[in-house]
Amino acid sequence: MMKNLLTLIVVALLASATTAEDRVWTDATGGHTVEAEFSGLNDGKVILKRVDGQTFAMPLEGFSRADQEYVRKEVERRRAALKVEVSDKPGTVLYGPGKQLCALANSMIDESSGLACSRSRPGLFWTHNDSGDLARLYALDRQGKDLGWCDLKDVQAFDFEDVASFSRDGKHYLLVGDTGNNGLAATIQILYLIEEPPIDADKGVSLAETPIVQVINYSYEDDHRNCEALAIDPSDRTILLVTKERESKCLVYALVWPKNDPKQATSAKKIATLKIPLVTAMDVSPDGRRAVVLTYGNAYEYTRGEKETWATAFSRRPALIRVPERVQGESICYGPDGKTLYLTSEKLPTPLIEVPVK
């Protein structure tokens, strides 16, 4: 009950358009009172604004039961007024309206199918085209500046669908997924691991091609699947894959990071079924606590606790994230802050869209 109450209170923080009235608050002992307005909650503390304008904070459990009940009802009222859809898991991030930052200057990026935040140069991004292009990654910034590109050495691209970035042991990596399988004929899919190419915000990419650090061949444990959504949990390098199904659902698979053996195919294990249609991209936050799943319409964010598995996180109702309409949106990633979201589209002029945290 307390977890649900705290989740509701977090929602109330942003409901400035529906403020509460001044009232008399009583502490848990009944010995102290104060006249104040309820403003929200931060780190488990109720924020109150006194009639003299001063603001102070006090733990929720420090108030009387009547006051705690008031908080619950007030938050429900604000939530109803805002019509905010949230997860039932504490830690859910609330997002503001998305907006287009720019159109990408490089017209070669005409089917941006994957997007990843640079870990070596915060504020820069990597993207790639869908099938039909070379095995190539393009660099850009928040203003859409063309920062050049880098080819994957000795790689032939079949159907690149997503890319993920992460850091480990002081190095920064990109994992590119050649995972498209529209005809469901392919039995083996391929992931390519590279170190993030050197890049400068002014001079751009300084490497024409980059060697492959590891080739990961994998198959799904139960059937042939089409997958356009790839992410990495940086805490243990678990690879998450979400399939694109024709039905009103998708399947989540987990792939334990395999040994560097390109001749061996690893089996991806099914861990969840999501009631989300036509998934086109995903990403995991740098702290490994949230996963965002994108469709042609909106996005959905799943949050897990400190010791929870992804299977548990994906079993709960996600938070709905409304994103601007795109002609054909197939990419999403977290920014360097691990919360702000960025998206592109597969049609020219290619937009770069930002969905900020409220």
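The values are calculated or read from the model by the stated rules, or taken from the named source; none is laboratory data. Keep in mind it's a predicted model, so treat the numbers as computed, not measured. Here the Cβ positions follow ideal geometry from the backbone for every residue, glycine too, while neighbour counts run over all protein chains shown.
Before moving on, here are some points about what is shown:
- Scope segment 220-262; condition in contact with a strand residue (DSSP E or B) (Cβ under 8 Å, 6 or more places away or on another chain), in a loop (DSSP other than H, G, I, E, B) and not hydrophobic (A, V, I, L, M, F, W, C); matching residues: E221, D222, R225, N226, P234, R237, K244, E245, K249, P258, N260, P262
- Hits in segment 323-348 - residues which are charged (D, E, K, R) and touching a Lys or Arg at 6+ places or on another chain (Cβ under 9 Å): R326, K339, E346, K347
- Per-region count, segment 132-169, residues part of a loop (DSSP other than H, G, I, E, B) and touching a His at 6+ places or on another chain (Cβ under 7 Å): 1
- Segment 124-137, residues that are within 21 Å of the chain's Cα centre (by Cα), at pLDDT 95 or above and not β-branched (V, I, T): L124, F125, W126, H128, N129, L137
- Residues of segment 178-201 classified as part of a loop (DSSP other than H, G, I, E, B) and farther than 14 Å from S118 by Cβ, total: 10
- Extreme residue, modelled with the lowest pLDDT, among residues of segment 272-287 that are of a type in the set (V, I, T) and crowded, with 19+ Cβ neighbours inside 10 Å: I276
- Residues satisfying the stated conditions in segment 291-342, i.e. without any contact (Cβ under 8 Å) to a residue 24 or more places away in the chain and not in a loop (DSSP other than H, G, I, E, B): T295, T312
- Selection of segment 321-336 for residues being among the hydrophobic types (A, V, I, L, M, F, W, C) and surrounded by 15 or more Cβ atoms within 10 Å (Cβ to Cβ) yields I321, V323, I332, C333.
- A single entry from D178, D233 fulfils the requirement of being crowded, with 19+ Cβ neighbours inside 10 Å and in contact with a helix residue (DSSP H, G or I) (Cβ under 9 Å, 6 or more places away or on another chain): D233.
- Residue match in segment 162-184 (condition: in contact (Cβ under 8 Å) with a residue 12 or more places away in the chain, out of contact with any Phe, Trp or Tyr (no Cβ under 6 Å at 6 or more places or on another chain) and either closer than 18 Å to A105 by Cα or of a type in the set (D, E) (or both)): yes
A quick yes/no check of all residues on (1) closer than 17 Å to L175 by Cβ; (2) in the same structural domain as Q264 (by TED's automatic domain parsing); (3) among the charged types (D, E, K, R); (4) within 21 Å of the chain's Cα centre (by Cα):
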{"position": "I190", "(1), (2), (3), (4)": "yes, yes, no, no"}
{"position": "A208", "(1), (2), (3), (4)": "no, yes, no, no"}
{"position": "V213", "(1), (2), (3), (4)": "yes, yes, no, no"}
{"position": "D222", "(1), (2), (3), (4)": "no, yes, yes, no"}
{"position": "C227", "(1), (2), (3), (4)": "yes, yes, no, yes"}
{"position": "D236", "(1), (2), (3), (4)": "yes, yes, yes, yes"}
{"position": "E245", "(1), (2), (3), (4)": "no, yes, yes, yes"}
{"position": "Y253", "(1), (2), (3), (4)": "yes, yes, no, yes"}
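- Scanning segment 107-129 for residues that are surrounded by fewer than 18 Cβ atoms within 10 Å (Cβ to Cβ) and free of Cβ contacts under 8 Å to residues at least 60 places away in the same chain gives a single hit, M108.
- Any chance K73 is in a loop (DSSP other than H, G, I, E, B), charged (D, E, K, R) and either modelled with pLDDT of 95 or more or under 30 Å from K45 (Cβ atoms) (or both): no
- Restricting segment 95-106 to residues that are under 19 Å from the mean Cα position of the chain (by Cα) and part of a strand (DSSP E or B), the residue that is surrounded by the most Cβ atoms within 10 Å (Cβ to Cβ): Y95
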